[in-house]
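Below is one structure; the comments refer to it alone.
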Amino acid sequence: MRLNRWAIAFAFLGCAAVVPGAAPASEGVSWQGRTPEQGSAFVAGIGRELRIRLEASGAVTRPVRIRVRRLPRGARLVYASDSQAKALFRWRPSVKQLGEWRLVFTARDGAATARPLKLRVHVGRRPTRTFRLSSSRWISRSATLRHSVNALARPVPGSRILVRLRAVTPEHVPHVVYLVGGAIDRRGRYWLRVRLPLLPNGTTGWITRDAVTTFREVDTHLVIDRGSLRVSLYRRGRLVFRAIVGVGQPQWPTPPGRFYVRERLTGFTDPIYGSLAFGTNARSAVLTDWPGGGFIGVHGTNQPEILPGRFSHGCIRLRNADILRLARLMPVGTPLTVS
C-alpha cells in the first residue's frame with residue numbers, strides 16, 4: 001500500500017473521547033454531543049466495523065448537514081431519520097486498507113461552517129491499541145519532526161522525559177525519526193515509539209503523533225559486518241549493494257546494534273569525510289565528550305588505500321565511489337544493523 005492512501009481517522013467500538021456537551025449555537029455551526037474531540041485517533045481491524053458518531057448544531061432556522069471528505073472505499077455516512085446534523089460513520093476496512101488513514105468531517109448550514117473535524121485511524125489486521133510500524137527486514141517507516149518535542153519513557157502524559165528531540169539535528173538539517181511502532185489509548189491520544197539518539201544505544205521513547213509529518217515508507221536495510229569488514233544494502237531482502245569498509249579501532253569500537261540513517265550530509269571542508277556522509281542515531285559509548293555527542297557516521301574517505309581495516313574512531317568509512325553509489329540506492333530513514 002502506498003503512503004498517499006494512508007489518509008483518514010480513528011474510532012473503534014465507540015471508544016472515542018467526546019466534546020463536552022454544550023447548548024446549540026445561536027450563530028455559526030459547532031460540533032456537539034458524542035462527536036470525538038479534534039485530533040482523536042482510533043484503531044480498526046480488518047473485517048470489523050468501525051463506527052464514529054457525529055453531531056452538529058447551528059442556527060435554529062437553518063438545517064445543518066454533516067459530510068466527510070474522501071470517503072474510503074466501503075465506508076458510508078448514515079444520517080439520523082430526522083436530521084442530517086446527526087450521522088454515523090460506518091466502515092469495514094479490507095486487507096488492502098491496512099495502515100494509517102485520515103478523515104476530515106465538515107458541518108455547515110448554508111451560511112456558516114464548523115471547524116473541520118480531523119481524525120485519524122490505524123487499520124491493522126486486528127484492532128489492537130499497540131502496533132508495529134516498521135520491520136528492519138522489509139518495510140520501515142519514518143517521519144520528519146514538525147517541531148521540537150519531548151520523548152517520554154511511556155505513552156502517558158506526564159511520563160518521565162528521556163530527551164528533548166529538536167526539530168533540526170546538530171548538523172542543522174530536518175530531524176527524521178524512525179517509527180518503531182504506535183499506540184492509541186482509550187482517550188484517542190495517538191503516540192509513536194521512536195528510536196532515540198541517546199545512550200545506551202537502542203533506547204526508544206514515545207512522542208505524540210502530531211509532532212511529525214506524513215509517514216514515509218522505505219524498503220531498504222543497511223548491514224555493517226564488523227567481522228568481514230563489509231557493508232551490504234538490501235531491498236526487500238534482496239542484496240543490491242556490497243563494498244568493503246573501515247570501522248572503529250578496538251579502543252574506539254563501532255557500536256553494535258540496531259539504528260537508522262537519520263540524515264544525509266554534503267559540502268564538507270575536511271576531505272577526511274570524503275564526498276558524502278550519512279548521519280545515524282548511533283553514538284560512541286567511549287567518545288562521549290566529542291562535539292555533538294560522538295555520533296557514528298557512514299561516510300567516504302580521502303584515504304581509500306587503507307580500506308578495509310579497523311582505524312577509525314567509530315565511524316564507518318567507504319571509498320568515495322562506493323558512498324556515492326550507496327547514496328543513489330539508500331534513502332534517509334533506512335534501518336541500520338551493525339553486527
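Readers should treat all values here as calculations from the given coordinates under stated rules, not as data from a laboratory. Note that this is a predicted model, so its numbers are computed, not measured. Glycine gets a Cβ as well: all are built from the backbone with ideal geometry, and neighbour counts include every protein chain shown.
Details
- Once the chain from Asp270 to Arg70 is taken as fully extended at 0.36 nm per residue, the excess over their C-alpha distance is 66.9 nm.
- Fraction in percent of alpha-carbon pairs per bin - 20 Å, the chain: 29, 45, 22, 5, 0
- Amide H contacts under 5 Å for Gly314, placed H, 5+ residues apart: Gly248, Gln249
- Cα centre as origin, Lys/Arg/Asp/Glu Cβ charges: the stretch 66-131 dipole, Debye: 340 debye
- Relative contact order (%) - the chain, alpha-carbon pairs under 8 angstrom, separation at least six: 14 percent
- Modelled FRET efficiency - R0 25 Å, Gln251 with Arg325, Cβ distances, 0.05 increments: 0.20
- Note on Ala111 and Phe311: the model spin-label points, each 7 Å out from Cα along the C-beta direction, lie 8.0 nm apart.
- Shown here for the stretch 109-143: trypsin sites (Lys or Arg not before Pro) in loop regions (DSSP other than H, G, I, E, B) with at most 14 other Cβ atoms within 10 Å, namely Arg125, Arg137.
- Between 0 and 90 degrees, the angle of helix 320-329 with respect to the longest Cα principal axis of the chain falls at about 20 degrees.
- The relative contact order of the stretch 36-136 comes to 36 percent, based on Cα pairs under 8 Å that sit 6 or more residues apart.
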